1. Antiparallel versus total DSSP beta bridges in the chain: what percent is that, nearest 5?
2. Measuring from label point to label point, each 7 Å out along Cα→Cβ, what is the residue 117 to residue 187 span in nm?
3. Determine, for each peptide in 97-108, 136-147, 53-64, the mean count of other beta carbons within 10 angstrom over its residues, then list the peptides with the highest first.
4. Based on the mean of other beta carbon atoms within 10 Å per residue, what is the order of 181-192, 35-46, most packed first?
5. Gain in length, residue 62 to residue 24, computed as 0.36 nm per residue apart minus the alpha-carbon separation, to one decimal in nm?
6. Rg(Cα) of the range 62-192 divided by 2.2 N^0.38 Å?
7. How big is the gap, in Å, between the Cα center of the range 180-200 and the Cα center of the range 155-173?
8. Calculated from DSSP H runs of 4 or more alone, at -39500 (n - 2.57) each and per residue, what is the 222 nm mean residue ellipticity of the chain, nearest 500?
């Protein structure tokens, strides 16, 4: 069955791989992009819909069977942008996906986001991700939350470890992460779960 899949973060490194993966499986993919976004690397068959995670308007999820949040404020931005994108933008997208009647929401999260009060250098980011994940769990939407370890641009291993056996100090190839997100979106294999993930 062909699905309409909306991706926030489609122009990012993982998002581009995810977009291609879903298109290769015959689905219709719409990238949610800002007016200023560089969309030149997106596959030709990608549809575009304008929307800014800092200020999402009503209707951005209309027509989407599945919504995927694969966006991020980036490592060079400060706490304010982390809150605006990774927490508030994600929560707003969840609410709009539910309003639009989406059948599934897939969240690209992070290892460590299961903690309510994380510590360390990434504490602020992980707390923002935690709050977004908890909002999704409470939303009533069918959901899957994927929490990869440190991301690399390595070639895909084609083999992943999910859940409690994940080594939190391991690495995850972005291509493997994209494949897991695509699987979550297309098949519902991970519905109702929040899973750590690494490349094997």
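1. Details: 3 of 32 bridges.
So the antiparallel bridges amount to about 10 percent of the total.
2. A separation of 4.0 nm, rounded to one decimal place.
3. Details: 97-108: 21.1, 136-147: 18.9, 53-64: 16.6.
Descending mean neighbour count gives 97-108, 136-147, 53-64.
4. Values: 181-192: 18.5, 35-46: 11.7.
Result, highest mean first: 181-192, 35-46.
5. Working: separation 38, 0.36 × 38 = 13.68 nm, distance 2.29 nm.
Computed gain between residue 62 and residue 24 is 11.4 nm.
6. Values: Rg = 14.3 Å, N = 131, 2.2 N^0.38 = 14.0 Å.
Normalised by 2.2 N^0.38 Å, the Cα Rg of the range 62-192 equals 1.02.
7. Their Cα centres are 12 Å away from one another.
8. Working: 5 runs with 57 residues, N = 200.
Value at 222 nm, helices only, nearest 500: -8500 deg cm²/dmol.
Every number here is computed from the coordinates shown, using simple stated rules; none is lab data. This is a predicted model, so every value here is computed, not measured. Note: ideal-geometry Cβ built from the backbone for every residue, glycine included; neighbour counts use all protein chains shown.
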